[in-house]
Amino acid sequence: MSDTVVPVPPEVANGASIDAEKYEAMYKASIQDPVKFWDDHGRRLDWIRPYSTVRNVSYSYPDVQIEWFGDGTMNVAANCIDRHLENRAEQTAILFEPDDPEEEAQHISYAQLHAEVSKFANVLKTLGVRKGDRVVIYLPMIPAAAYAMLACARIGAIHSVVFAGFSPDALADRVNDCGAKLVITADHAPRGGRSTPLKTNADKALRRCGDDVKLLVVRRTGEQTTWVEGRDFHYETLAAIVEPECKPEEMNAEDPLFILYTSGSTGKPKGVVHTSAGYLVYASMTHEHVFDYRDGEVYWCTADVGWVTGHSYIVYGPLANGATTLMFEGVPTWPDASRFWQVVDKHKVSIFYTAPTALRALMGKGDQWITKCDLSTLRILGTVGEPINPEAWNWYHRVVGKGKCPIVDTWWQTETGGILISPLPGATPLKPGSATRPFFGVNPVVLDDQGNELEGEATGVLAIKDSWPGQMRTVWGDHARFVSTYFEMFKGYYFSGDGCRRDADGYYWITGRVDDVINVSGHRMGTAEVESALVAHEKVAEAAVVGYPHDIKGQGIYCYVTLMEGVEPTEALRKELSDWVRTEIGPIAKPDVIQWAPGLPKTRSGKIMRRILRKIAENDTGALGDTSTLADPAVVDDLVANSAHKQ
Ligand code: ATP
Ligand code: MG
């Protein structure tokens, strides 16, 4: 791993909301007296009835209890919209860039957002949706997705957004699991120049759901769809007849705001439950400081609203802060590989937040796509989703950021609601590949396998010692799974499931899932380290590494390698890569198997599903488990057919 230090540029520190000194002081205060700290910062929201109790938290197994601002009342939508009307009515809240660059972008002001969300909320009421009811949102990245989320929040319904790229089966599972009474979809979803028949997918899904589930259809392309009388409703028809005003419902701080299913890279997706006030306090505070958001800037997070990143950092965090948030319907590579950069150029984006998988894909296409665009408005760059390898980090910093934009490598999870470990642009010197230091109120610890806290420089399991307001409260319908997944293995801590290293400067380096640590002849190593070495080779585009049972070593190293476009997979190259890893890391890390992989099984959010790769490596391909969240299930068949066991 690289230990280069990139200092905070003076022009970034200048005027930043938090500088190094302030970070140290505020961080210390937040850990020493969390009640006082969050008592102060909870007031960033507008409360209907202010809280008198800041927190009521116990991590004591098995009676885990997490409550923040428990006796306060408020409304999330009012905090994201209504309170900005006085000063920002005409300011753009959502800047919508459609899939097709020829289609005009939309600037939706806070006043318009207020009108749209109020109308949407009244449509939901017309369809019988009440406080506490679940509503599944299966929409493309269009403003209506944000309207639908905020409309639910306004009337106190609980939304569960399902990524529009998911199959009918994945949709049906989620509708049934949360017991939704309404699904909101669109006729079609344009993406990357193609169009997905979303309504048709929803029809298929609803065949597997209860008869009382209704379907609300938003018009996106206007294409014809099939129609089930009595079950299906056109949004536009209802919106034309409802009242324009909708008073926000007074919600308790701990009323659920949404359920979101995890990406399922490690098992059956969990219905993560987030509640109202603590979540919003945390999402907005992290958005403000991690991105050093300044009034008037255009902020762009490229995630989909189907992921938690889209919830916290496209919709709730930025809107609670009165920001201008860009919503992009398309993909980075259509019409060509410069689309992201053209959008930055066109809308004068200051803050850009994306995933390493997108960066690696774009890096492979060459720098010419970037250098032809004007990226001079960019000030802060961010990444999320997986560890970013130093090659991709350096490329992002040098080519996209022209060496002047700090990169905030943000570590967090669906479960955490918001960013837990990340640099703050004006405060934290960067180390490529490290998520650096904890956010205010977050107390990370490194544990050994027995659950002992390790001091100073250490490698082990990443856990969090105390609660923060954005923490998930339960798994929908399965509180026992919540307690056993996160609080059983290491008593008294929130267990993240990730491994990490803390260096001498107190910086955290996420090494991947704890499950991904392998033991080769008694040596423990993160598979991420081997992957990082492989992708550092010029002929390798992507790599995934898993352990498998090995007679002599205990565990062997099985590598799936995707080569750069045009590179021939030969025996000589296999040997070259094997030797390369050996020299990069050491003889112990020498791969036992290298399988050429034209593609890797990834979730729609770009995460490699290692549990499937592990099964193939173990030659246990009978039960591959839930593959419904894979972007391209066909990839798996190819890997099974060409596995080392079939040679
Ligand atoms: P499931 O829990 O169902 O397996 P998932 O863990 O992939 O799904 P997410 O909540 O979307 O679902 O992802 C969180 C995980 O992503 C983290 O636990 C971590 O492994 C990884 N991750 C996110 N951001 C970073 C980062 N900046 N650096 C390293 N790893 C990251
Ligand atoms: Mg997870």
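Below is a table of values for the structure above.
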{"item": "All positions within segment 550-605 that are over 26 Å from SER521 (Cβ atoms) and without any contact (Cβ under 8 Å) to a residue 24 or more places away in the chain", "result": "GLY566, GLU568, THR570, ALA572"}
{"item": "Leading residue by the ranking (nearest to VAL162 (Cα to Cα)) among those in segment 206-242 that are part of a helix (DSSP H, G or I) and touching a residue at least 40 places away in the same chain (Cβ under 8 Å)", "result": "TYR235"}
{"item": "Residue among ARG582, ARG604 that is of a type in the set (Lys, Arg) and either under 25 Å from THR436 (Cβ atoms) or within 16 Å of ligand 1 (Cβ to nearest atom) (or both)", "result": "ARG604"}
{"item": "Matching residues, segment 360-379, being touching a residue at least 40 places away in the same chain (Cβ under 8 Å) and within 19 Å of ILE314 (Cα to Cα)", "result": "ARG379"}
{"item": "TYR548 vs. criteria surrounded by 19 or more Cβ atoms within 10 Å (Cβ to Cβ), modelled with pLDDT under 95 and within 23 Å of TRP596 (Cα to Cα)", "result": "yes"}
{"item": "Enumeration of residues in segment 421-438 that are closer than 24 Å to PHE482 by Cβ and either hydrophobic (A, V, I, L, M, F, W, C) or at pLDDT below 95 (or both)", "result": "ILE421"}
{"item": "Segments classed as strands (runs of 3 or more DSSP E), wholly inside segment 488-543, with at least 2 members that are buried (at least 22 other Cβ atoms within 10 Å of the Cβ) and within 16 Å of ligand 2 (Cβ to nearest atom)", "result": "494-502, 508-513"}
{"item": "Matching residues, segment 93-110, being touching a helix residue (DSSP H, G or I) at 6+ places or on another chain (Cβ under 8 Å) and either surrounded by fewer than 16 Cβ atoms within 10 Å (Cβ to Cβ) or in contact (Cβ under 8 Å) with a residue 60 or more places away in the chain (or both)", "result": "ALA93, ILE94, LEU95, PHE96, GLU97, PRO101, ALA105, GLN106, TYR110"}
{"item": "Index of the failed condition, LEU359 passing every other in (1) out of contact with any Ser or Thr (no Cβ under 6 Å at 6 or more places or on another chain); (2) within 30 Å of ASP40 (Cα to Cα); (3) at pLDDT below 95", "result": "(2)"}
{"item": "Only one of VAL35, VAL57, VAL8 that is touching a strand residue (DSSP E or B) at 6+ places or on another chain (Cβ under 7 Å), surrounded by 12 or more Cβ atoms within 10 Å (Cβ to Cβ) and of a type in the set (A, V, I, L, M, F, W, C)", "result": "VAL57"}
{"item": "Segment 330-374: number of residues that are among the charged types (D, E, K, R) and on the phi > 0 side of the Ramachandran plot", "result": "1"}
{"item": "Subset of segment 161-196 [within 19 Å of LEU216 (Cβ to Cβ), basic (Lys, Arg) and surrounded by fewer than 22 Cβ atoms within 10 Å (Cβ to Cβ)]", "result": "LYS181"}
{"item": "Hits in segment 434-448 (condition: surrounded by 24 or more Cβ atoms within 10 Å (Cβ to Cβ) and over 18 Å from TRP468 (Cβ atoms))", "result": "SER434"}
{"item": "Residue match in segment 588-595 (condition: hydrophobic (A, V, I, L, M, F, W, C), modelled with pLDDT of 95 or more and surrounded by fewer than 21 Cβ atoms within 10 Å (Cβ to Cβ))", "result": "yes"}
{"item": "Residues (assigned to a helix (DSSP H, G or I) and of a type in the set (Asp, Glu)) located in segment 550-590", "result": "GLU571, GLU576, ASP579, GLU584"}
{"item": "Condition broken by ALA240, with the remaining ones in (1) farther than 26 Å from ARG473 by Cα; (2) within 16 Å of ligand 2 (Cβ to nearest atom) satisfied", "result": "(2)"}
{"item": "PRO140 assigned to a loop (DSSP other than H, G, I, E, B) and either within 16 Å of PHE328 (Cβ to Cβ) or under 26 Å from the mean Cα position of the chain (by Cα) (or both)", "result": "yes"}
{"item": "Which listed residue, of GLY441, GLY418, is within 13 Å of ligand 1 (Cβ to nearest atom), part of a loop (DSSP other than H, G, I, E, B) and at pLDDT 95 or above", "result": "GLY418"}
{"item": "Pick from segment 396-415, criterion assigned to a helix (DSSP H, G or I), under 22 Å from the mean Cα position of the chain (by Cα) and more than 16 Å from ligand 2 (Cβ to nearest atom), ranking: surrounded by the fewest Cβ atoms within 10 Å (Cβ to Cβ)", "result": "HIS397"}
{"item": "Residues of segment 156-187 that turn out to be touching a residue at least 40 places away in the same chain (Cβ under 8 Å), in a loop (DSSP other than H, G, I, E, B) and over 21 Å from the mean Cα position of the chain (by Cα), as a count", "result": "4"}
{"item": "Neighbours by Cβ (under 6 Å, 6+ apart or cross-chain): first from segment 495-524, in contact (Cβ under 8 Å) with a residue 40 or more places away in the chain and under 19 Å from ILE557 (Cβ atoms); second more than 16 Å from ligand 2 (Cβ to nearest atom) and among the aliphatic types (A, V, I, L, M)", "result": "VAL520/ILE588; HIS523/ILE588"}
{"item": "Residue within segment 602-610 that is part of a helix (DSSP H, G or I) and at pLDDT 90 or above present", "result": "no"}
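Matching residues to (1) farther than 21 Å from GLY132 by Cα; (2) within 16 Å of ligand 1 (Cβ to nearest atom); (3) surrounded by fewer than 21 Cβ atoms within 10 Å (Cβ to Cβ); (4) among the β-branched types (Val, Ile, Thr):
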residue	(1), (2), (3), (4)
ARG219	yes, no, yes, no
THR237	yes, no, yes, yes
LYS270	no, yes, no, no
LEU280	no, no, no, no
HIS289	yes, no, no, no
ALA303	yes, yes, no, no
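The values are calculated or read from the model by the stated rules, or taken from the named source; none is laboratory data. Being a predicted model, the structure only gives us computed values, none of them experimental. Note that each Cβ is placed from the backbone with ideal geometry, even for glycine, and that neighbours are counted across all protein chains shown.
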